[in-house]
Amino acid sequence: MRPVVLIVSVLCVCALSLSLPALAGTRLLPIAGSGEIQTQVKATAAKVIPAVVSIASTVMVRDQAMSDEALPFGLFKDPPARRQYGQGSGVIVSADGYIITNNHVVADAVDVEVILADRRQYKGRVVATDPKTDVAVVKIHANNLPTVSWGDSSTLAVGEFVLAIGNPLGLSRSVTFGIVSAVGRADVGVADFEDFIQTDAPINPGNSGGALVTINGELVGINTAIASPTGGSVGVGFAIPSNMARAAMQSLIKTGRVVRGFLGASTQDVTPLLGKFFRLPDVKGAIVTDLQAKGSAEKAGLRRGDVVVRFDGRDVMDSGQLRNLVAAAAISSKHRLDVVRDGKIVQVDLLVQEAPRERAKRTQAASASAATAHPLAGVVFDDVTPPLAKQMDLPVTSGVVVTDLEEGSLAESSGLQPGDIVLELNRQPIPNFSTFQRLADPIKPSDLALLLVNRQGNVIYIPVQSE
């Protein structure tokens with residue numbers, strides 16, 4: 001029997017709702033009975049529906065070229081471009097015609113048509129888009145438009161009532177009702193910066209870019225995606241929190257791009273094994289694996305192997321959360337970081353710099369396997385020489401590199417790969433193979449071998465230990 005695979009959908013004809021991390025100041029709605037809830041839901045729907053629009057976009061696409069045997073040497077003819085149509089939703093947030101929606105609703109559109117709830121139609125202009133948060137801003141030439149009031153998504157709590165409003169499957173002015181199922185959802189695979197609200201308010205294709213509002217009508221999210229084995233709603237929807245979406249929109253309108261803070265360091269999540277090695281009280285935090293020269297982190301005094309556990313007094317659960325906190329911080333603002341260094345808490349002040357143009361991030365997968373006699377058994381290491389560096393396309397000309405791994409070895413299953421350049425072994429620097437061998441020989445079969453490696457410019461820790 002094949003397992004059901006959940007697919008995250010982010011189609012122009014698709015939408016969802018979600019909610020953000022719950023903080024102090026959570027709104028509590030006194031409920032006397034079902035009649036009062038129904039009255040409030042009806043009033044909120046009537047207030048918000050006029051400010052939610054339908055967006056129809058047109059994209060020019062080309063099919064794959066087909067070989068024409070009549071042409072010499074089997075040349076390919078470029079097929080003519082054809083129009084492809086998409087549909088989504090948007091939310092009017094200013095009376096003079098600014099609309100927030102998803103990037104995937106209007107990306108690469110050559111024509112955008114905006115249809116209001118009262119059936120008025122306008123040509124839309126895409127002001128700017130931000131694929132990293134999946135936010136886009138569209139402008140129409142109109143005044144005195146109905147709007148939705150922004151809410152504070154940081155106060156959302158699990159269990160709070162929400163309404164999702166949009167145009168699912170082309171059915172305009174549709175309202176669904178549910179609760180906030182979770183907040184702070186990341187690793188959904190929709191955008192680079194994820195801090196999603198999850199909701200069980202039914203969402204379907206076409207809801208993308210629509211409104212997620214509280215029972216009082218405050219905009220707390222922009223519906224973005226669903227997790228579904230069928231492509232339809234199964235009660236797992238995601239929305240960009242309003243605080244993130246609003247900041248992105250304001251930056252897009254002002255500068256045409258999103259200005260973000262930048263840590264200037266590579267980090268990775270804490271695992272139970274890494275937490276034990278770094279003597280952490282909990283399996284949470286972000287481990288600093290590399291520092292950018294003259295970056296914010298280096299100037300703050302952070303070191304490789306530091307574990308950031310709090311940002312301005314707020315617990316840091318993982319690398320993604322730390323990245324989001326720094327990205328949302330104002331440029332040149334100062335923030336206090338609590339860091340675990342050699343088992344002790346130290347504090348540093350981080351002055352946030354503006355993020356440079358980011359390159360695409362690489363990922364790697366690790367599989368499980370049986371242990372071997374020595375944690376690094378089955379791995380071939382070698383000194384890096386200029387000829388070897390050229391042959392393996394390495395970014396350095398000295399040090400120690402993994403040249404081969406035995407299939408099924410513990411190191412391979414832990415994620416080590418050929419071409420990895422070993423920078424440290426158990427926190428000790430590795431300038432050459434003789435140093436590496438001297439440090440590796442005393443390691444026992446049950447010991448942890450913590451490797452810090454440079455993989456095509458990305459620096460990460462790889463713990464290798466038998467179970």
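The values are calculated or read from the model by the stated rules, or taken from the named source; none is laboratory data. Fair warning: this is a prediction, and the values are worked out from it, not measured in the lab. Because the Cβ atoms are built from the backbone with ideal geometry, glycine has one as well, and the counts that use them run over all protein chains shown. Protein only, heavy atoms only, side chains kept; ligands, DNA and RNA dropped before computing areas. Shrake-Rupley method; radii C 1.70, N 1.55, O 1.52, S 1.80 Å.
Lys132 falls short on exactly one of the conditions (1) assigned to a loop (DSSP other than H, G, I, E, B); (2) under 20 Å from the mean Cα position of the chain (by Cα); (3) closer than 28 Å to Val41 by Cβ, and that condition is (3). For the structure I just gave you, tell me whether Ala164 is over 20 Å from the mean Cα position of the chain (by Cα) and either at pLDDT below 95 or crowded, with 24+ Cβ neighbours inside 10 Å (or both). For Ala164, the condition - over 20 Å from the mean Cα position of the chain (by Cα) and either at pLDDT below 95 or crowded, with 24+ Cβ neighbours inside 10 Å (or both) - is met. Looking across segment 183-217, the residues that are open to solvent by 10 Å² or more (accessible area, probe 1.4 Å), at pLDDT below 90 and not in a loop (DSSP other than H, G, I, E, B) come down to Val183, Gly184, Arg185. Among the residues of segment 221-231, none qualifies, meaning not one is under 20 Å from Ile55 (Cβ atoms), of a type in the set (S, T, N, Q) and part of a helix (DSSP H, G or I). Within segment 400-422, being of a type outside the set (Ser, Thr, Tyr), modelled with pLDDT of 85 or more and in a loop (DSSP other than H, G, I, E, B) holds for Gly415, Leu416, Gln417, Pro418, Gly419, Asp420.
Apart from one condition, Met249 fits all of (1) modelled with pLDDT of 90 or more; (2) in a strand (DSSP E or B); (3) crowded, with 24+ Cβ neighbours inside 10 Å; the exception is (2). Taking segment 252-353 as the region of interest, the strands (runs of 3 or more DSSP E) fully inside it that hold 2 or more residues being surrounded by 20 or more Cβ atoms within 10 Å (Cβ to Cβ) and touching a strand residue (DSSP E or B) at 6+ places or on another chain (Cβ under 6 Å) are 265-269, 286-291, 307-311, 334-341.
Within segment 423-467, the set of residues being surrounded by fewer than 18 Cβ atoms within 10 Å (Cβ to Cβ) and part of a helix (DSSP H, G or I) comprises Phe433, Ser434, Thr435, Gln437, Arg438, Leu439.
Can you pull out every residue in segment 392-422 that is open to solvent by less than 50 Å² (accessible area, probe 1.4 Å) and within 28 Å of the chain's Cα centre (by Cα)? Please lay out each step first, then the result.
Of segment 392-422, the ones open to solvent by less than 50 Å² (accessible area, probe 1.4 Å) are 394, 396, 399-403, 405, 408-411, 413-416, 419-422.
Hits for segment 392-422 are Ser413, Ser414, Gly415, Leu416, Gly419, Asp420, Ile421.
Pairing each residue of segment 400-424 that is among the β-branched types (Val, Ile, Thr) with any residue that is assigned to a helix (DSSP H, G or I), provided the two are 6+ apart or on different chains, yields C-beta distances under 6 Å for Val400/Phe433; Val400/Phe436.
Filter segment 106-129 down to residues that are of a type outside the set (A, V, I, L, M) and not in a strand (DSSP E or B) and give me whichever is most open to solvent (accessible area, probe 1.4 Å). Across segment 106-129, the extreme among qualifying residues is Arg119.
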